[in-house]
Every structure is written in C-alpha cells, then in structure tokens.
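Q: Pasting a structure below so you can have a look.
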Amino acid sequence: MTISFPAGFVWGAATSGYQIEGAPEADGKGASIWDTFVKVPGKILHGDTGARACNTYDPKQLEADMDLMVRLGLKSFIFSVQWPRIQPDGRGGANAKGLDYYRRLVDGLQARGIAPALTLYHWELPQALQDRGGWVNRETVARFVEYATILYDALAAQVPIWVTQNEPHTTAWLGYGYGKHAPGVADEKSVFAVAHHLLLSHGLAVKTLRGRVANVKTAFGPVLNVTPARPVRPDSEHDRLAAKRFDGDQNRLFLDPIFRGEYPADVVEYRREAAGGWKFVRAEDLEIIHTAVDFLGVNYYTPTMIAAGPGDRPEWRPNPGPTTAMGWAIDPAGLHEVLDRVRTEYTGNLPLYVSENGASFRDYLNPEGECRDPERVDFLRGHLREAHRAIEDGVPLAGYFVWSLLDNFEWDSAYRERFGLVYVDYPTQRRVPKSSFEWYREVIERNGLEG
Ligand code: IFM
C-alpha cells in the first residue's frame, strides 16, 4: 500500500550557515559568537571548529551541492544567513560581498526550481553584539531588525519563505543557561531575558518586514523545537508536575507568547525569581510578539523523559528503547503528538512545516566506497508515516524538511555526528549520497511512500 501526500506538499532539506559554509573570515565577514566559542578549550569535541565544515562558501562547491539538490528532487531548501557576513559588527550598512554570497545561493536555487527558505537567525550572533551583552541586552532586538531589513530589501523578491528565529529555546537554554553552546554563558538568570528578546525580535521583524517590498508577498514564521515532555512515572504526581514545568520551559515559554500573546501563568510564577520578576517585559512587547505569522516550523527529534528532582524540579532521564547515535530515543509517534498538540492548542488552520527531522548514525564508507544507512531510512520512514497520519487527522502540514542535506558541524559534538543524506568526506570534501538519499529521492518523486 502506498501513502500519498497532498498535491503540492513541500519536500525539503534544512541546513544552517555555520554548520556548512566554512570561510569564517572571507570577504570581510566579522566574527560570530560561534567563531569565538569554538576556540575556547574543552568546549568542542576534539577542539574542532566550523572553519572549513562543508566548504559551501566556495562557489564551485556551492554549485555542485545545488546540483545534488536537483538530483534529490528537492522542492525547497532551508539555509541560514550568517549575520556577521552581512554586518560584520552587527550594525550599519551591508557588506556587499557577504550579501553576494547569499544572492548567488538564492539565484542558483531559483534557477533550479527550488524554493529558497531563508532563516534569519540560526545562532550566528555577531561577536561585537555579544560584547554588549548579546541577547540579554534589549538593544540586540533593534540590531536584529536592522539586519533583517537589509536582507529583506535585497532578497525578498526571490525568497518566498522567511524564518525569523530557529529554536529560540536552544539559544536561551544551551547558549545562555548551560553554557554548552555559544556564547557559553551559564547563568539561569539570563535565560528568560534572552528568550524574551528573541521572541520580541521575531515579532518586530515580522511587523517591520511584512509589506515592505512592493508587489512581493512572502511568508513569515518562527521555527520552534517542540518536544513532548513525558513523566518517567506517569502515576507520580511529582513527575507529572516536573514534566509540566519542563514543558513550560521548553515549549509553552515560546508557543504561548507567539500564539496567545501571553506568557503561561505557571511559568511566570515558577520562574519569577530566575527571571528577576520579568522586569524586562514592557507593556507593548506581548502584542508585538503576538503579531500574526503565516506558518509555524516544528523541529522534532525525540521526546524527553522527565522525573521530579528536589522541589519537583524537572530532571532529564534517559529514554528507554532504541536511540540514534546522539543517544536520542527514536519515537516517531512523538512527531504526530507534537503536530497534533500544536494544531489543537495553538495554531488551528495555520500551515505547519516539519522544519527539521532526522537522525545521526555512525555512517562510514564501505570498501566499495558506498555509504549504506538503513537505520536512517527506517527513521525517516517511521516519521513520515506519522506526519502523514497527522495530515489524515486534520493537521494542515504543508511540508517536511530533512535535517540535513549534508553531514555537517554538529556544534559541540563537531564532526562525530552525521545527520546528512549525503556523506561528507571532510579531508577531501568529497560527497557520497547515502542510501537514504536514494530512498528520499523516490519518496519525493512518488510524493509518498509505502504505508
Ligand atoms: O544540528 C542541529 C540544528 O542546528 C538545530 N536543530 C537540531 C539539529 C541536530 O542537533
């Protein structure tokens, strides 16, 4: 039996700038917080950096990779712009050469019939702005909107999909709460101001950009990593409370202000002290954050198991069952759960995208020079079936983007984790499409898969 997706379903793949481009200093690019962070001893596995990554800043490599996208049959491609390529110090006029790179990319995609989907922020804050406090500082919101406006004026005519913020949760918690990601701040007290300013930057960018360029209509939306929070012992009221608190920090802290125009009351209360009384929230902010959007992107990888720690504090526990190489539980039903929940509780008829979904495995080239990854095919098949089930249940799912097109720099885990449909041999930069590439190509061609 074959399951078919709706006509016009958007089949895509997603990437981000720092994870693939390399060339951190080319053509006048300024330093980002990741350029700085990767140099801090002990932060990145084996002391690796994204200085070369997949080398896609190189014009020839970029062309070759766009040709691979054609071979795959992609309808759309998510990429992020590295802010300091456009504004090396995070303010002022555009760096023409940096802008040219993204212009070449969107022209190349357009010429190949692939719709560009541009992410304004996938964590590449100019270091100069971090030196002034980064996302803790409200001024960064104004800087972000200035940067977004430069890009929009330059590229709106060719780019139909605009993602404002990718995974603000990750920036707030991993970047400023645990210090695991750039800028490496480990201070729970900054998490909520950062989250608020990211949300505000999202809303203000949509408000500012929408309608700015005559005769051009583009879609705007945020991308959130929504994760089911599962109590380890569902019959324990403590674990249930802890899971609800985790859900507040991870999901509702972002969904509620964007789609309801308010922070969830329980989060406001539970986090009152950490958030310093939420004094950074000004009267007009929530209305701005609540600005209407055209879609929501949902990144889904795995659910989180939560147990109650002291004072019913949420604590992570390992998931039972099979995992990917990252140790993340493989749970396709969780994708249906998050899509259904988001639609029911927040977005209604608003189009949704699965904007990232994928898995890392310990891929390698066999003696024949092939990369066979049946685990990834199983993973993707399971998740696509759940995506399809969600559509049957009424979720207005408009597209699905695999994370990722290429193996790439997986942040603090560097090059150990391979998420790509295409194997990258880093020393030679040779690309070898994996068996999942061929499988996904057929899915796109058939607009469906075996049920
Ligand atoms: O590689 C990341 C990406 O940058 C954001 N979402 C999760 C992916 C896998 O960890």
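Q: Within region 149-156, is there a residue that is without any contact (Cβ under 8 Å) to a residue 40 or more places away in the chain and either farther than 15 Å from ALA275 by Cβ or surrounded by 20 or more Cβ atoms within 10 Å (Cβ to Cβ) (or both)?
A: For region 149-156, residues without any contact (Cβ under 8 Å) to a residue 40 or more places away in the chain and either farther than 15 Å from ALA275 by Cβ or surrounded by 20 or more Cβ atoms within 10 Å (Cβ to Cβ) (or both): absent.
Q: Another question, if that's okay. Are any residues in region 409-428 of a type in the set (S, T, N, Q) and more than 11 Å from the ligand (Cβ to nearest atom), and if so, which ones?
A: Answer for region 409-428, where residues must be of a type in the set (S, T, N, Q) and more than 11 Å from the ligand (Cβ to nearest atom): just THR428.
Q: Mind listing just one residue for me: the one in region 337-385 that is away from the ligand (no atom under 16 Å from the Cβ) and aromatic (Phe, Trp, Tyr) and, of those, farthest from HIS122 (Cα to Cα)?
A: TYR364
Q: Can we say SER32 is closer than 30 Å to ALA390 by Cα and touching a residue at least 24 places away in the same chain (Cβ under 8 Å)?
A: Considered against the rule, which asks whether it is closer than 30 Å to ALA390 by Cα and touching a residue at least 24 places away in the same chain (Cβ under 8 Å), SER32 comes out as no.
Q: Mind listing whichever residues of region 7-21 are in contact with a Ser or Thr (Cβ under 8 Å, 6 or more places away or on another chain) and more than 16 Å from the ligand (Cβ to nearest atom)?
A: VAL10, TRP11 - these are the residues of region 7-21 that are in contact with a Ser or Thr (Cβ under 8 Å, 6 or more places away or on another chain) and more than 16 Å from the ligand (Cβ to nearest atom).
Q: Inspect all residues belonging to region 402-416 and state whether any of them is part of a helix (DSSP H, G or I), of a type outside the set (Val, Ile, Thr) and over 17 Å from the mean Cα position of the chain (by Cα).
A: No.
Q: Okay, next question. Please enumerate the residues belonging to region 136-183 that are more than 16 Å from the ligand (Cβ to nearest atom) and touching a Phe, Trp or Tyr at 6+ places or on another chain (Cβ under 6 Å).
A: TYR147, TRP162
Okay, residues lined up against (1) closer than 20 Å to LEU224 by Cα; (2) in contact (Cβ under 8 Å) with a residue 40 or more places away in the chain; (3) in contact with a strand residue (DSSP E or B) (Cβ under 7 Å, 6 or more places away or on another chain):
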site: HIS383; (1), (2), (3): yes, yes, no
site: ALA387; (1), (2), (3): yes, yes, yes
site: GLU417; (1), (2), (3): no, yes, no
site: TYR426; (1), (2), (3): no, yes, no
site: LYS434; (1), (2), (3): no, yes, yes
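Let's see how each residue does on (1) under 23 Å from the mean Cα position of the chain (by Cα); (2) part of a loop (DSSP other than H, G, I, E, B); (3) hydrophobic (A, V, I, L, M, F, W, C):
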| site | (1), (2), (3) |
| --- | --- |
| TYR263 | yes, yes, no |
| ARG282 | no, yes, no |
| GLY297 | yes, no, no |
| ALA307 | no, no, yes |
| GLU315 | no, no, no |
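Q: Find the residue count for region 67-122, including only residues that are of a type in the set (Gly, Ala, Ser), in a helix (DSSP H, G or I) and either in contact (Cβ under 8 Å) with a residue 12 or more places away in the chain or closer than 20 Å to VAL163 by Cβ (or both).
A: 2
Every number in this text was worked out from the coordinates using simple rules, so none of it is lab data. In this text the structure is predicted, and so the values were computed from the model without any measurement. Neighbour counts run over all protein chains shown; Cβ positions are idealised from the backbone, glycine included.
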